[in-house]
Amino acid sequence: MNTELGELEELYQEVILDHSRRPRNFGELPDASVKVHGDNPSCGDEIHLAIKFDGNGGLEQIKFTGHGCAISQASASLMTMKLKGKKRAEVEEMLHAFHDLVTTENNHAPKNLGDLQVMRGVRKFPQRVKCAMLPWRAVEQALRQSEGESTVSTEEPEFG
């Protein structure tokens with residue numbers, strides 16, 4: 001492995017650890033439009049995602065609570081930072097781009113993912129892909145319902 005690539009992977013690991021230890025947008029959202037409970041039975045990760053939609057269906061506010069491995073917590077933290085204030089179409093585009101980032105060998109991840117690209121290495125560990133995707137599965141479910149509460153699991157079929 002060349003030195004530059006090794007340093008980049010080390011930096012990515014540091015960012016993931018920082019977000020898992022000090023997650024951004026962690027906490028309750030009392031006036032949420034939607035709450036989605038997500039779980040990954042294979043490793044015990046849990047996320048409780050709360051979203052407040054604006055008048056046009058965009059994500060005005062997004063927060064999460066829960067517990068799990070560094071990958072699931074960092075993914076949720078990075079995701080909430082990236083999606084807050086985005087329009088529904090942008091959220092859906094990022095959802096699919098992130099899924100591709102962690103599941104395919106495509107090294108040309110869309111620039112719109114920004115810091116989320118630190119999760120690219122997860123694809124080398126198939127069991128960890130579910131951890132990284134858990135908060136995204138919750139967002140996907142939230143977009144489907146627009147109000148109320150629901151549950152989603154990593155053991156359900158992938159989105160289409």
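The values are calculated or read from the model by the stated rules, or taken from the named source; none is laboratory data. Computed from a predicted model, the values in this text were never measured in an experiment. Every residue, glycine among them, receives a Cβ derived from its backbone with ideal geometry; neighbour counts consider all protein chains shown.
Among the residues of segment 57-67, none qualifies, meaning not one is more than 23 Å from residue 87 (Cα to Cα), under 16 Å from the mean Cα position of the chain (by Cα), among the small types (Gly, Ala, Ser) and surrounded by fewer than 19 Cβ atoms within 10 Å (Cβ to Cβ). Within segment 106-147, the set of residues being among the charged types (D, E, K, R), without any contact (Cβ under 8 Å) to a residue 12 or more places away in the chain and over 18 Å from residue 86 (Cα atoms) comprises 124 only. If you go through segment 63-92 and pick out every residue that is part of a helix (DSSP H, G or I) and in contact (Cβ under 8 Å) with a residue 40 or more places away in the chain, you end up with 16. Any chance segment 119-137 includes a residue that's surrounded by fewer than 21 Cβ atoms within 10 Å (Cβ to Cβ) and not in a helix (DSSP H, G or I)? Within segment 119-137, one or more residues are surrounded by fewer than 21 Cβ atoms within 10 Å (Cβ to Cβ) and not in a helix (DSSP H, G or I).
Can you find even one residue in segment 4-17 that is in contact with a Phe, Trp or Tyr (Cβ under 6 Å, 6 or more places away or on another chain), touching a residue at least 40 places away in the same chain (Cβ under 8 Å) and not in a strand (DSSP E or B)? No, segment 4-17 has no match at all. Within segment 74-90, the presence of a residue that is touching a Cys at 6+ places or on another chain (Cβ under 8 Å), farther than 17 Å from residue 11 by Cβ, loosely packed, with under 15 Cβ neighbours inside 10 Å and not charged (D, E, K, R) is excluded.
Hey, does segment 19-32 have a residue that's within 15 Å of residue 141 (Cα to Cα), touching a strand residue (DSSP E or B) at 6+ places or on another chain (Cβ under 9 Å), crowded, with 17+ Cβ neighbours inside 10 Å and not aromatic (Phe, Trp, Tyr)? Yes; the residues of segment 19-32 include at least one that is within 15 Å of residue 141 (Cα to Cα), touching a strand residue (DSSP E or B) at 6+ places or on another chain (Cβ under 9 Å), crowded, with 17+ Cβ neighbours inside 10 Å and not aromatic (Phe, Trp, Tyr).
Can residue 71 be described as buried (at least 19 other Cβ atoms within 10 Å of the Cβ), aliphatic (A, V, I, L, M) and farther than 17 Å from residue 129 by Cα? It is false that residue 71 is buried (at least 19 other Cβ atoms within 10 Å of the Cβ), aliphatic (A, V, I, L, M) and farther than 17 Å from residue 129 by Cα. Residue selection: residue 50 fails the criterion of being in a helix (DSSP H, G or I), buried (at least 17 other Cβ atoms within 10 Å of the Cβ), within 14 Å of the chain's Cα centre (by Cα) and modelled with pLDDT of 95 or more. Among the residues of segment 24-41, just one is assigned to a loop (DSSP other than H, G, I, E, B), touching a residue at least 60 places away in the same chain (Cβ under 8 Å) and not small (Gly, Ala, Ser), namely 41.
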